[in-house]
Amino acid sequence: MVDLCPECGNPLKKNAEFCMYCGKNMKNSRKVSIIGNNQSKNDDGVNKQSRYLLNDSQRRLLVYRIIPLLIIGCVIWLLAESVFSFLFKESSFTPQFIIIYVTFVIADLVALLLFFITARKNYV
């Protein structure tokens, strides 16, 4: 079991009098111990939520701003790659190349949709 500073959440050395990260006095404060992956308990036995989980505003930012930007970036990259490979390659688009390209685009969109759905249902 690892002791954590209640002020900054960083691990403490055994029997530490002060937190070496924030300088908080540990003599008069209660230390927090790690119990599971995303929850911890302090000395009173009260559960404390992990600070690594996304709250609603952070999740909204991820889903509505960051993911669409990543999708747009992927589409631009794929289009540029296709155009440059078409212009600077001796052979032109073949039906086999187009099928492979469309398959990768569909797989990419399915993966992003699955991530979006799991983020909306709070699995992430």
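So if I check each of Arg51, Arg65, which one is modelled with pLDDT of 75 or more, closer than 30 Å to Cys8 by Cβ and either of a type in the set (D, E, K, R) or not in a helix (DSSP H, G or I) (or both)?
Step by step, each of Arg51, Arg65 is checked, and only Arg65 is modelled with pLDDT of 75 or more, closer than 30 Å to Cys8 by Cβ and either of a type in the set (D, E, K, R) or not in a helix (DSSP H, G or I) (or both).
So which residues in the range 1-48 are modelled with pLDDT of 75 or more and not in a loop (DSSP other than H, G, I, E, B)?
Result: Asp3, Leu4, Pro11, Phe18, Asn25.
Which count do you get for residues in the range 96-106 that are aliphatic (A, V, I, L, M) and within 17 Å of Gly73 (Cβ to Cβ)?
Number satisfying all stated conditions: 1.
The values are calculated or read from the model by the stated rules, or taken from the named source; none is laboratory data. This one's a predicted model, so the numbers in the text were calculated from it and none came from an experiment. Because the Cβ atoms are built from the backbone with ideal geometry, glycine has one as well, and the counts that use them run over all protein chains shown.
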